[in-house]
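Here's the structure we're looking at; comments come further down.
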Amino acid sequence: MSNLALSTSWNIFRHTEAKSLVQEVKLIGFNKLELNFTLTKELVEEFVLLQKEGSIKVVSLHNYCPIPIGLTPKIALPDYYSLASLDEEQRKEAVKNTRISIDTARRIGASVVVFHAGRVQMKDRTVDLIALYDKGKKDKPEYTKIKEEFIRERASKIKPHLEQILKSIGELLKHASKNEIYLGLENRYYYREIPNFEEIGIILDNFKEGKIFYWHDVGHAQVMQELGFYNHLDYLKNYHKKLIGVHLHDLIGCRDHLAPGAGKFDFKTLAPFVKKDTLKVIEAHAQASVGELIRAKENLEKTFNG
């Protein structure tokens with residue numbers, strides 16, 4: 001049996017029912033899933049039934065799952081409600097809906113809820129840097145100026161947000177512990193988001209005895225390297241002892257969520273850090289073809305020794 005799971009982010013928008021989605025992923029050789037953050041409550045209940053029947057194994061959920069009441073799948077982003085918000089009502093809404101994800105994980109037999117830790121309230125300049133990067137201007141003064149200003153502004157505003165995320169996680173860990181569910185703290189794509197490289201350590205150190213671990217997103221870490229913020233493998237060198245899962249997807253430049261093997265990343269570099277019991281989830285988006293995913297599965301199974 002394969003130890004690789006596939007995120008429903010690949011084909012959820014092609015299906016209106018869980019049964020047909022599961023049939024499609026099983027046809028290409030996957031028997032494990034991560035439920036992504038665009039599933040309605042009704043769809044989630046269908047997956048619960050399929051799991052009970054033994055049709056599919058759900059290994060992880062991506063917060064928020066199901067989507068918060070009142071939202072549609074198109075706008076239900078993982079930090080629609082920010083766990084680090086300075087608005088206490090929004091922070092409480094984020095905590096409430098994450099608790100619901102934890103409850104869902106328990107009911108469906110998943111072990112981990114992957115979550116985003118919110119964002120610093122400021123203008124995001126990541127897209128500006130990517131635009132210059134795409135034009136080959138990464139080494140130009142214009143790029144350096146934006147990047148340095150971005151770093152300084154974020155550093156000046158992070159403290160109250162960090163206090164809020166620590167407060168939120170403290171509340172959530174009580175619920176996670178009661179339900180025997182782990183929280184997977186995911187590294188981020190946009191630089192204004194939390195956590196950055198150093199903040200992963202701060203958060204994990206604050207909850208050494210809690211059910212919170214590091215979830216490594218390959219594409220996000222590589223984008224941080226491409227843009228000159230951090231070295232990709234430093235994330236794994238520093239946090240591999242607390243690594244619980246990985247999102248596996250490829251990228252060309254800063255365009256990520258391609259099928260592994262469809263971009264430029266060398267997945268063999270992950271092998272020393274990814275253990276047998278590390279959850280491995282291919283998080284390719286809709287542009288990935290069936291053939292690309294079948295090849296990705298075969299190659300990654302070889303890379304991670306089956």
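None of the figures in this text is laboratory data; all of them are computed from the coordinates on show. Please read these numbers as outputs of a predicted model, since none were measured by experiment. Backbone-built Cβ (ideal geometry, glycine too); neighbour counts: all protein chains shown.
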Would you mind getting the Kirkwood hydrodynamic radius of segment 203-306 from its Cα pairs, rounded to one decimal in Å?
14.2 Å
Global form of segment 130-240, assessed from the alpha-carbon gyration tensor, a/c cut-off 1.5
prolate
Add -39500 (n - 2.57) for each DSSP H run of 4 or more in the chain, then divide by its residues: what number comes out at 222 nm, to the nearest 500 deg cm²/dmol?
-14000 deg cm²/dmol
Fewest-first sequence of Cys254, Cys65 by Cβ atoms within 10 Å of each Cβ:
Cys254, Cys65
Cα gyration tensor shape for segment 182-264, rounded if a/c is under 1.5, else prolate or oblate
prolate
Over all pairs of different Cα atoms in segment 14-136, the reciprocal of the mean inverse distance gives a Kirkwood radius in Å of 15.9 Å
Based on the Cα gyration tensor of the chain, what are the three equivalent ellipsoid semi-axes, each the root of five times an eigenvalue, rounded to whole Å and given largest first?
28, 24, 18
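Could you list Lys147, Lys74, Lys174 so that the one with the fewest beta carbons within 10 Å of its beta carbon is first and the one with the most is last?
Neighbour counts put them in this order, fewest first: Lys74, Lys174, Lys147.
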